[in-house]
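Since the structure comes first, as structure tokens, the remarks are kept for the end.
The values are calculated or read from the model by the stated rules, or taken from the named source; none is laboratory data. Small disclaimer: the values here were computed from a predicted structure and weren't measured. Cβ coordinates were reconstructed from backbone atoms using ideal geometry, including for glycine residues, and neighbour counts include every protein chain displayed. Keep in mind that these areas ignore ligands, DNA and RNA; they rest on the heavy atoms of the full protein, side chains included. Shrake-Rupley method; radii C 1.70, N 1.55, O 1.52, S 1.80 Å.
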Amino acid sequence: KDTNRNRKWRRIRRIYKILRSRIYSLISTFKSAEPILLNPLGTGSFQQRHRYQQKLQMQQKLRRIAFSGFVLSSLCLIIVLSIFFFFGWLLSSAERVLEVVRQLEGGDRAFHRDHKTEFRRGAVKDAFVHAWTGYEIHAFGHDEIRPTSNITNDSWGGWGVTIVDSLDTIIIMDLKHLLPRCEDHVSKINFVSEKFISVFETSIRYLGGLISAYDLSGNILYLNKAKELSKLMLPAFDSESGLPFHEIITKTGVAGNAAWMQGASILSEVGSVQLEFKRLARLTNDKELYQKMSDQIILLRDQQLKAKGLPKGLYPVKIKIENGAFDVSSKVTIGGLGDSFYEYLLKQHLMDPTETVFLKMYLESVDAMIENLSFTFNGNHTFITEYQNNKQQYLFEHLTCFAPGMIALGTKHVKNNDLYPKEKRTSHLVFADNVLSTCVMLYDVQPSGIAADTVKFEDGSLEFTNSAYYLRPETIESLFYFFRITGDDKYREAGWRIFENIVKYCRTDSSFSGLKDVTKKPFEKNNSMQSFFFAETLKYLYLLFSGPDVIPLDKYVFNTEGHPFLLK
Ligand code: DMJ
């Protein structure tokens, strides 16, 4: 029977025969090509036949050489490959390739370097150099330059906070020629002061800056200076509870809280100096200091559990320094006065994954943020609000925009799957992404393309309760984390838009300035450039346009002032 199958086989056989005959005829053409192409023997003159014979011999010789060359090189290749194979070279390089593939699969596509990204990275570096040059010319050694009047400001201890806060950015941006002058300055700083200095700000900017510069460069000068400063600051922790006072006179060790605080301590201040002192404790092998820092946070957790009427995971901003008790009538916020306390819960766990208590506290807080503090504006913009005496304020601060980045970091870099299962990570990441898109929207809606500091979401409209811009980093910080973690280019695009507008409206002849009002033209400048513009805003922008090999997130953790510490 001429079935379909038989017909198919016959066709295959026919194709095979055709192919075979084609190959044979090709080979025979090649074989006969020689005498046809050259002069066939037996015809022509003696000289012609002689020339032909010579050519033939030469051709045969060449063929022999080519053949033995081929055999020899194949043998060599086999020998070399087997040597590499036995010494594991091939294996480890395959491992490296696999690692790249794994990262790509995890969404980390930042490996692709392209012209546009390199250009943007260069533009951010240029902005840093522009701002730095102005500071160097007009204010070197002072805390800050006033960017429009070019006079100096010294309200951060007067030790040149811009220099210390910028050291690691200078190293990361590979602007090392700027370092000798900075090092000379750092070596001459005398941290003994007769004036009160802020414990929190000194810790995150100076101590954090020095530790990070040491972690990135290994230059012992920075570590020695960090030790010198921390020793002078330690009396600030001599309170009944062990929690740090707000300010200290380093000359006398006298510490206390400022009058404006009306006897209370602030959550973000007492709860976010731990990362700096813990990293230093590791570098100096001071286990007691390390434990002391952990104990402060445990005390706050115990006091939170005792406080009445508070949702689990949320902490009011005012605290009694004597025992860490919370003033439950004070507000709960993830923005200013609360922010970095939550950030340091996660980061202390990343620093030491065996301290699971911090992970538990952190996860409770994120859950509580979603449950109690988050709202949707006009159906599609998620924001995190403040709450006081059981009442939501519907206020959203630029400062809160660090939270999406923090959450994204946790979803990727917490190793403990039992406490942080996959489904929870996914829902947290989705929430964080929604909040980040609100942060970006708040830039995009302004005529300046720059977000206001505080906004109130009210009945379908936005009220800008503080329309200034202080060159803050938080949205850019979150864009950086999101790009690193998802590899989605939209985060880079948003960062670039923000950067372009900063250059357009904040750049002065000598550096960059904050704006008094981002909602109204001509976007008047406020004559202020805080050191976090160098330490965070420009650093996170630069990292946004860098590959993941620049400060990899599994090797470093950033303090709240953008200073990366080694995780070891
Ligand atoms: C920085 O000094 C730190 O990030 C701090 O934690 C709060 N915010 C400012 C920058 O806005």
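What the table shows:
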{"read-out": "Any hit, the range 419-435, residues being without any contact (Cβ under 8 Å) to a residue 24 or more places away in the chain and of a type in the set (Val, Ile, Thr)", "value": "yes"}
{"read-out": "Complete set of residues in the range 456-499 that are within 19 Å of Ile384 (Cβ to Cβ), within 16 Å of the ligand (Cβ to nearest atom) and among the β-branched types (Val, Ile, Thr)", "value": "Thr475, Ile476"}
{"read-out": "Qualifying positions in the range 387-406 - surrounded by 18 or more Cβ atoms within 10 Å (Cβ to Cβ) and more than 16 Å from the ligand (Cβ to nearest atom)", "value": "Tyr387, Leu395"}
{"read-out": "In the range 302-344, residue nearest to Ser265 (Cα to Cα) [restricted to those that are β-branched (Val, Ile, Thr), away from the ligand (no atom under 16 Å from the Cβ) and open to solvent by less than 10 Å² (accessible area, probe 1.4 Å)]", "value": "Ile319"}
{"read-out": "Hits in the range 185-238 - residues which are of a type in the set (S, T, N, Q), away from the ligand (no atom under 16 Å from the Cβ) and in contact (Cβ under 8 Å) with a residue 40 or more places away in the chain", "value": "Ser193, Ser217, Ser230"}
{"read-out": "Residue ID - most open to solvent (accessible area, probe 1.4 Å), chosen from residues in the range 192-220 that are under 27 Å from Leu267 (Cα atoms) and among the aromatic types (Phe, Trp, Tyr)", "value": "Phe196"}
{"read-out": "Residue in the range 490-511 that is open to solvent by 10 Å² or more (accessible area, probe 1.4 Å), part of a loop (DSSP other than H, G, I, E, B) and more than 16 Å from Thr148 (Cα to Cα) present", "value": "no"}
{"read-out": "Sole exception among (1) surrounded by fewer than 18 Cβ atoms within 10 Å (Cβ to Cβ); (2) outside any helix (DSSP H, G or I); (3) of a type in the set (S, T, N, Q) for Gln291, by number", "value": "(2)"}
{"read-out": "Positions within the range 450-476 being closer than 13 Å to Gly405 by Cα and open to solvent by less than 10 Å² (accessible area, probe 1.4 Å), in sequence order", "value": "Pro473, Thr475, Ile476"}
{"read-out": "Check on His246, over 23 Å from Tyr556 (Cα atoms) and within 16 Å of the ligand (Cβ to nearest atom)", "value": "yes"}
{"read-out": "Selection from the range 547-561 of residues that are open to solvent by 10 Å² or more (accessible area, probe 1.4 Å) and within 16 Å of the ligand (Cβ to nearest atom)", "value": "Thr560"}
{"read-out": "Tally of residues being assigned to a loop (DSSP other than H, G, I, E, B) and more than 16 Å from the ligand (Cβ to nearest atom) across the range 267-288", "value": "3"}
{"read-out": "Selection from the range 516-529 of residues that are out of contact with any Asp or Glu (no Cβ under 7 Å at 6 or more places or on another chain) and within 16 Å of the ligand (Cβ to nearest atom)", "value": "Val518, Asn526, Ser528"}
